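Chemist: Have a look at the structure that comes next, please.
Since every read-out is calculated from the coordinates, none of them should be taken as a lab result. These figures come from a predicted structure and were not determined experimentally. Methodologically, a virtual Cβ is constructed for each residue, glycine included, from the backbone with ideal geometry; neighbour enumeration extends over all protein chains shown.
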Amino acid sequence: MTPAARLAAAVELLAAVEAAPRKPADAVANDFFRNRRFIGSGDRRAVSDRTWRVLRTRRRLAWWLERGGASAVPRLLVAASLLLEGWTLEGVGHSYSGGRFAPEKLTPDEATALGALERHTLDHPDMPEAVALDVPDWVVPHLRARFGDTLGAELSAMQAEAPLDLRANLLKATRDQVQAALAEEGIAAAPTPISPWGLRVEGRRKVSTGKAFQSGLVEIQDEGSQIVAALVGARPEMRVADWCAGAGGKTLALAMTMDNRGHVAACDVSAPRLESAVRRLRRAGVHNVERHLVEPGDKWAKRRAGSFDRVLVDAPCTGIGTWRRNPDARLRLRPEDLAELVPKQAMILEQAARLVRVGGWLVYATCSLLAEENETQVEGFLARHPGFATVPLERAWALPGPPPCPGPFLSLTPRLHDTDGFFAAVLERTA
């Protein structure tokens, strides 16, 4: 593809993302490229990079366009991203030529509006705070309460592209052996600083088609997610429930820490998600996991009340901690989402707590950075359940080295730990 054709494809992909506001951008992109198999891998990467760059900075780009009197439509958002990165208006005009495979030619009014952006940088002191931070207006007070004066630095870290983290599957190989296998495929990976199973690949690499991945030596999993799985403290002789298992990412890690022994129950309300876990379990060589679909009126949990040593609740949440990977999610998030999620999380905690035996642990985790979904949620649960008590992070920590953060709970952020944002609390059933 020519550079102009790549820009036209980025405009088209961005338009598709904006036309499906409740669908994740990566899912839209998968459909987009699946229907355009003529686009090669290098071109796909270039088109995706440009689109994701716009998504990461969309509020600021829109502010500049509106300041120049233009609408924030996909074709102008892409053009604005070029200008604010140092392109000249003349250069953008050449690419927006209206020729074969190129974006439609700029109108005189569009060219005038875009000209106001030339020789400027993306940030401007007149931007409102939420625009400068590239987040919805309503979420700023919540994040300010969480981070205080470091809010700008924390959100700046979430603007960067996330690294690709992998988890070595110790059921099949050591981390060193997996690192060597990836190197044979031309993929340079370095050990992660906290997780003893993690490997980090800088930049975007296609790992899932390689031999190491296909043979189950490695799984794609953020280091923060690996740390949460480790915090469960699952051991070979235990009965463990992953109550919101989804497609089984943490289930796989739990089975590995249990050396494929004991028993893991992967539970979820979504049949498609549980079905998608089957192939992952088989590829990883895991055979101590049963899957269970949680349905209304289901008596499975009632019959197994008080029988699990560990219960992990990786609760549905706003997902703010994953904004590095999913920049479009910040554009989709609404205050109604938070209002719906908080009582849902409380209900899920109530259900899962019944499974925990006396002396067992209930581990509550989210990939959110909001206190309402994290500390406040845990405090409310403990107030309702005096038979549970907090296990301080220092006591629950079982990985090499000291815990990565102070306080009773695990709290990871991209700025401080270079992981996705994660929260986890370990609660012990004492009575």
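Chemist: In the set (1) -0.57, -0.69, -0.97; (2) -0.39, -0.50, -0.91; (3) -0.34, -0.44, -0.84, which value of log10 I(q)/I(0) by the Debye sum over Cα atoms at q = 0.07, 0.08, 0.11 Å⁻¹ was calculated from the structure you see?
Modeler: Answer by label: (2).
Chemist: I would also like to ask the following. Does the range 231-322 classify as rounded, prolate or oblate by the C-alpha gyration tensor (a ≥ b ≥ c root eigenvalues; a/c under 1.5 gives rounded; else a/b over b/c gives prolate, otherwise oblate)?
Modeler: Verdict is rounded for the range 231-322.
Chemist: Let me ask something else. Dividing the alpha-carbon radius of gyration of the range 223-429 by 2.2 N^0.38 Å (N being the number of residues), what value is obtained?
Modeler: 0.96
Chemist: Now for a separate question. Considering only Ala130, Ala396, Ala365, give the residue with the highest GNM mean-square fluctuation for the chain, with springs between Cα atoms whenever their separation is below 10 Å.
Modeler: Between Ala130, Ala396, Ala365, it is Ala130 that shows the largest mean-square fluctuation.
Chemist: In addition: Compute the distribution of all C-alpha to C-alpha distances in the range 37-176, in bins of 10 Å from 0, and list the percent of pairs in each, rounded to whole numbers.
Modeler: For the range 37-176, the pair-distance distribution reads 10, 32, 28, 18, 9, 3, 0.
Chemist: Among Thr107, Thr57, Thr322, which one shows the highest mean-square fluctuation when the chain is modelled as a Gaussian network with alpha-carbon springs under 10 Å?
Modeler: Result for the chain, Cα springs under 10 Å: Thr107 fluctuates most.
Chemist: Still on this structure, I have one more. Which GluC sites (Glu not before Pro) in the range 208-286 pass both tests, a DSSP loop state and at most 14 other beta-carbon atoms within 10 Å? Don't skip to the answer; put the middle values down first.
Modeler: Details: sites: Glu219, Glu223, Glu237, Glu275; in loops: Glu237.
Qualifying residues, ordered by number: Glu237.
Chemist: Between the DSSP loop rule and a limit of at most 15 other Cβ atoms within 10 Å, which trypsin sites (Lys or Arg not before Pro) in the range 48-150 are left?
Modeler: When the trypsin sites (Lys or Arg not before Pro) of the range 48-150 are filtered for loop state and at most 15 Cβ neighbours within 10 Å, Arg100, Lys105, Arg119 remain.
Chemist: Using the scaling law 2.2 N^0.38 Å as the reference, what is the normalised Cα Rg of the range 377-431?
Modeler: 1.26
Chemist: OK, next. Could you put Lys299, Lys172, Lys344, Lys250 in order, starting from the residue whose Cβ has the fewest other Cβ atoms within 10 Å?
Modeler: In order of increasing Cβ crowding within 10 Å: Lys299, Lys344, Lys172, Lys250.
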